[in-house]
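*Asks:* I have a structure I would like to understand better, so I am pasting it below and will then ask my questions one at a time.
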Amino acid sequence: HGGIDAFRATCGLPISTYFSATKLLWLKRHVPEVAAAMADGSAMVGTIDSWLLYNLTGGAKAGGVHVTDVSNASRTMLMELKSGSWHAPTCEAFGIP
């Protein structure tokens with residue numbers, strides 16, 4: 001389906017194990033708890049900034065805010081560069097809700 005550059009026009013990145021999307025796909029396929037959490041909508045995935053902000057704003061006990069910024073989101077392979085938002089077709093291709 002386009003090889004290493006299949007998503008480059010959308011996210012600006014080649015398919016690589018360095019980026020989050022491929023790591024999430026591996027986790028979903030090999031860790032049953034991750035697959036279950038993704039299926040039931042309870043999975044929370046993000047970059048280090050997401051984790052820090054979530055914990056600094058209260059975390060699980062106090063309704064922490066789970067967000068990221070565009071510079072970190074752009075390195076996941078899941079963000080469309082032109083719009084600066086998550087790209088649904090790419091997320092779907094990687095099985096990410």
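The values are calculated or read from the model by the stated rules, or taken from the named source; none is laboratory data. Remember, it's a predicted structure, so these values are computed and weren't measured experimentally. Every residue, glycine among them, receives a Cβ derived from its backbone with ideal geometry; neighbour counts consider all protein chains shown. Each accessible area value is taken on the protein alone, full model and side chains, heavy atoms only, with ligands, DNA and RNA left out. Shrake-Rupley method; radii C 1.70, N 1.55, O 1.52, S 1.80 Å.
*Asks:* Leaving ligands, DNA and RNA out of it, work out the accessible area of GLU92 with a 1.4 Å probe and give it in Å² to the nearest 10.
*Replies:* Ignoring ligands and nucleic acids, GLU92 comes out at about 150 Å².
*Asks:* How large is the charge dipole for the chain, taken about the Cα centre, if only the Cβ atoms of Lys, Arg (+1) and Asp, Glu (-1) carry charge, to the nearest 20 debye?
*Replies:* 120
*Asks:* Another question about this same structure. What accessible area per residue comes out for the chain, rounded to a whole number of Å², with a 1.4 Å probe? Can you show the working numbers first?
*Replies:* Numbers: 6350 Å² over 97 residues.
On a per-residue basis, the chain sits at 65 Å².
*Asks:* Report the FRET efficiency, 1/(1 + (r/R0)^6), for SER71 and ALA6, where r is their Cβ-Cβ distance and R0 is 30 Å, rounded to 0.05.
*Replies:* The calculated FRET efficiency here is 0.85.
*Asks:* Taking the Cα centre of each part, how many Å lie between the range 5-70 and the range 80-94?
*Replies:* Here the answer is 13 Å between Cα centres.
*Asks:* If I stretch the segment between SER83 and THR22 completely, what's the gain in nm (0.36 nm per residue apart, minus their alpha carbon distance), one decimal? Present the calculation step by step, with values, prior to reporting the outcome.
*Replies:* Working: separation 61, 0.36 × 61 = 21.96 nm, distance 2.16 nm.
Roughly 19.8 nm would be gained on extension.
*Asks:* Okay, moving on. To the nearest 10 square angstrom, what accessible area does ILE48 show with a 1.4 Å probe?
*Replies:* About 110 Å², rounded to the nearest 10.
*Asks:* What angle do you read, to the nearest 10 degrees and between 0 and 90, between the alpha-carbon axis of helix 20-30 and the longest principal axis of the chain?
*Replies:* Roughly 80 degrees between the two axes.
*Asks:* Let me ask something additional. How much of the accessible area of the range 30-97, probe 1.4 Å, is carbon plus sulfur, in whole percent?
*Replies:* Numbers: 2760 of 4370 Å².
Carbon and sulfur together cover 63 percent of it.
*Asks:* log10 I(q)/I(0), Debye, Cα-only the range 1-82, no solvent, q = 0.12, 0.18, 0.27 Å⁻¹?
*Replies:* With one equal scatterer per Cα and no solvent, log10 I(q)/I(0) is -0.42, -0.88, -1.22.
*Asks:* With runs of 4+ DSSP H residues as the only contributors, calculate the mean residue ellipticity of the chain at 222 nm using -39,500 (n - 2.57) per run, divided by the residue total and rounded to the nearest 500.
*Replies:* That comes out to -11000 deg cm²/dmol.
*Asks:* Same structure again: Out of SER16, VAL34, GLY95, whose Cα points farthest toward the positive end of the dipole of the chain (charges: +1 Lys, Arg; -1 Asp, Glu; placed on Cβ)?
*Replies:* Looking along the dipole axis, the top candidate is SER16.
*Asks:* Picking from ALA73, ALA60, ALA21, which is most flexible by a Gaussian network model of the chain using Cα springs under 10 Å?
*Replies:* Ranking ALA73, ALA60, ALA21 by mean-square fluctuation puts ALA60 first.
*Asks:* Taking only Cα atoms and a 10 Å spring cutoff, compute GNM fluctuations for the chain and point out the largest among LEU56, LEU78, LEU13.
*Replies:* Between LEU56, LEU78, LEU13, it is LEU56 that shows the largest mean-square fluctuation.
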